[in-house]
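Below is one structure, written out as C-alpha cells; comments come after it.
The values are calculated or read from the model by the stated rules, or taken from the named source; none is laboratory data. None of these values were measured; they are calculated from a predicted model. As a convention, Cβ positions derive from the backbone with ideal geometry for all residues, glycine included, and neighbour counts pool all protein chains shown. Ligands, DNA and RNA are excluded from the accessible area calculation, which covers all protein heavy atoms including side chains. Shrake-Rupley method; radii C 1.70, N 1.55, O 1.52, S 1.80 Å.
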Amino acid sequence: MAALKLMIPGPVDIPEEVRDAMAIRTMPHYGNDWVRLYGETQEMAKKVFGTKNDLYIMPGPGTMALEAALGSALEPGDTVLIPLNGFFGERLITMAEGLGLKVISLPLPLTEPISAAEVAALLQEHPEVRALAIVHHETSTGVLNPLEGVLAAARARGVLTVVDAISSMGGVPLLVDEWGVDLCVTVANKALETPPGVALLSISAQAWAAIENRKAPRGWYLDLKTWRWYMENWGSWHPSPVTMPTSNINALHTSLMALLESGLETRFAEYRAAAAATRAGLRALEFSMFAPDSCASPLVTAFCMRPGVDATALQQALVQDAGVMISGGLTDLHGKILRVGHIGLARQRDYVVSFLLGVEDYLRGQGLAIAPGQSLVSVAHLK
Ligand SMILES: *Cc1c(COP(=O)(O)O)cnc(C)c1O
C-alpha cells in the first residue's frame with residue numbers, strides 16, 4: 001500500500017531520523033547507557049515544558065498519565081472544577097467521576113474558549129474546589145484555550161492545576177512553571193513528533209504535597225508515589241518502576257533534540273504558517289472555519305462543509321485520490337466538520353499543497369468550477 005500522508009491530529013508522520021531511532025537494538029531499561037539516555041530525554045523535555053519540576057516518561061497513552069495525575073493527587077470525594085468546550089473536556093469529566101471525584105463542570109459553546117473570568121467566579125462561589133483540570137488544546141474542535149489567566153485564578157486560591165496538554169505541548173507556548181501548572185500531561189505522538197508509546201508528566205512541589213498526603217489506597221502503577229520512589233531510590237541504575245519502551249524513548253530523544261535545535265519559536269511559527277495557509281486555502285474554496293480566528297489553534301484546523309459537499313465522501317476521496325488522511329468530527333460533529341492536522345510532517349508545503357489540491361479535485365468532480373491552484377493562496381512561504 002502506498003504511504004498515506006497523515007494530516008490527522010496525531011499520531012503524525014515523522015522525519016526519517018526519528019524513525020531510524022526506533023530501530024536500535026533492544027536496549028534494557030537499566031544500566032548506565034539507559035540512565036544517561038533517559039536523563040537527557042527528561043532534561044530536554046523539561047526545557048520544552050518550561051519547568052524545573054520533576055518529569056516522568058511513562059509507557060502508555062496520554063489518558064493513562066492524566067488518570068495517574070488526577071488519581072494520585074486527589075481523594076475520592078474531592079471536588080474538581082472542569083471547564084468544558086469539547087470531546088476531551090468531556091473525557092476529563094468522565095475520568096474524574098470514575099475516580100470518585102465530585103465534578104463541577106463549566107460547559108461552554110464549542111466555538112468559545114474557556115474564560116478566566118468565569119473560572120474565577122466559579123472558584124469564588126465554590127471554595128471546596130481542590131483542583132482545576134483543563135484541556136489546553138481541544139483537539140476535537142481546534143479551539144486553543146488561553147490558559148494563563150485561568151491558571152492564575154486557580155493559583156490565587158491555592159487550587160491544584162492539572163492540564164491536558166496532550167496535543168499542545170511543543171506546538172504552542174505553554175510555560176509550566178511561569179503559568180503555574182502543577183500536573184502537566186502530554187504524549188510523544190502529537191507535537192513532540194515521535195511514534196506513539198509514551199506519555200510525559202510534570203509534577204510540581206504543591207502536587208507532590210497533595211500526592212504524599214493522599215490517604216485512600218491507589219493501586220501501584222498509576223500511583224505517582226511509586227514513580228517517585230524508583231527515581232529517588234533506584235535512579236542511578238533503574239529510574240522507572242516498570243520495563244520501559246526504550247526504542248520509543250530513543251526516538252523521543254532524537255525528536256526533542258531536533259525541536260530544541262530548531263528552537264521552539266521557529267517550530268511554533270512553522271505550525272502557524274501551515275494553519276494560516278490551510279485556512280486561507282479552504283476559504284478560497286468557500287469553506288468556513290469552525291473555530292473563529294481569535295481562538296483557532298495553529299495545530300489543527302476544523303472546517304465546516306459547504307452546501308452540497310458531504311464530509312465523509314470528501315474525507316474518503318482525499319485518501320483514495322490524493323493520498324492524504326484527515327480526520328472527521330467526533331460525536332455530534334460527525335459529518336459536520338473535518339479536521340486537518342498541522343503537526344509532524346503535515347506542516348510542510350508538500351503536505352498542505354497535496355491536501356488543498358485534493359480538495360480542489362474533489363469539488364471539480366462534483367461539477368463545481370474551481371480554477372487549478374485557486375486554493376494555493378498562501379503556501380509559497382511554507383518549508
Ligand atoms: C489525543 C488527545 C487525547 C488522548 O490521548 P491518548 O494518548 O490517546 O490517551 C487526550 N486529550 C487531548 C486534548 C488529545 O488531543
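Numbers below:
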quantity	calculated
Residue in region 291-301 that is in a loop (DSSP other than H, G, I, E, B), over 15 Å from I326 (Cα atoms), touching a strand residue (DSSP E or B) at 6+ places or on another chain (Cβ under 6 Å) and aliphatic (A, V, I, L, M) present	yes
Selection count where residues are farther than 30 Å from P15 by Cα and either part of a strand (DSSP E or B) or in contact with a Ser or Thr (Cβ under 9 Å, 6 or more places away or on another chain) (or both), scope region 330-373	4
First in region 19-34 and in contact (Cβ under 8 Å) with a residue 24 or more places away in the chain, second anywhere and open to solvent by 60 Å² or more (accessible area, probe 1.4 Å), Cβ under 6 Å, 6 or more apart	H29/T243; Y30/W237
Counted residues, region 161-192 - those being within 13 Å of the chain's Cα centre (by Cα), away from the ligand (no atom under 11 Å from the Cβ) and either within 19 Å of D293 (Cα to Cα) or assigned to a loop (DSSP other than H, G, I, E, B) (or both)	5
Whichever residue in region 52-87 is within 18 Å of I249 (Cα to Cα) and open to solvent by 10 Å² or more (accessible area, probe 1.4 Å) and, among such residues, is nearest to the ligand (Cβ to nearest atom)	P61
Counted residues, region 220-233 - those being open to solvent by 10 Å² or more (accessible area, probe 1.4 Å), away from the ligand (no atom under 16 Å from the Cβ) and touching a residue at least 60 places away in the same chain (Cβ under 8 Å)	4
Subset of region 146-160 that is within 16 Å of the ligand (Cβ to nearest atom) and crowded, with 24+ Cβ neighbours inside 10 Å - its residue that is nearest to S202 (Cα to Cα)	L147
Residue match in region 294-301 (condition: within 21 Å of the chain's Cα centre (by Cα), within 24 Å of G86 (Cβ to Cβ) and exposed (fewer than 13 other Cβ atoms within 10 Å of the Cβ))	yes
Filtered residue count, region 274-286, keeping only those that are open to solvent by less than 30 Å² (accessible area, probe 1.4 Å) and under 26 Å from I114 (Cβ atoms)	5
Selection within region 110-145 - of a type in the set (D, E, K, R) and more than 16 Å from the ligand (Cβ to nearest atom)	E112, E118, E125, E128, R130
Matching option when the condition is more than 20 Å from M22 (Cα to Cα), in contact (Cβ under 8 Å) with a residue 40 or more places away in the chain and not small (G, A, S), among I82, I57	I82
Sole exception among (1) assigned to a helix (DSSP H, G or I); (2) open to solvent by less than 50 Å² (accessible area, probe 1.4 Å); (3) farther than 21 Å from A3 by Cα for A317, by number	(3)
The listed residue being open to solvent by less than 40 Å² (accessible area, probe 1.4 Å) and within 17 Å of A73 (Cβ to Cβ), out of V119, V129	V129
Residue ID - nearest to A251 (Cα to Cα), chosen from residues in region 138-194 that are among the charged types (D, E, K, R) and touching a Leu at 6+ places or on another chain (Cβ under 7 Å)	D164
Filtered residues of region 322-347 (kept if surrounded by fewer than 23 Cβ atoms within 10 Å (Cβ to Cβ) and farther than 26 Å from R19 by Cβ)	G328, G329, L330, T331, D332, L333, H334, G335, K336
Qualifying residue in region 96-111 (condition: under 18 Å from the mean Cα position of the chain (by Cα) and without any contact (Cβ under 8 Å) to a residue 60 or more places away in the chain)	no
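Condition check ((1) modelled with pLDDT under 95; (2) assigned by TED's automatic domain parsing to the domain that holds F268; (3) within 30 Å of P173 (Cβ to Cβ)) across all residues:
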{"site": "T301", "(1), (2), (3)": "no, yes, yes"}
{"site": "R306", "(1), (2), (3)": "yes, yes, no"}
{"site": "A313", "(1), (2), (3)": "no, yes, no"}
{"site": "V324", "(1), (2), (3)": "no, yes, yes"}
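Residue-wise test of (1) over 22 Å from A274 (Cα atoms); (2) of a type in the set (D, E, K, R).
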position	(1), (2)
L6	no, no
P15	no, no
V18	no, no
D33	yes, yes
T41	yes, no
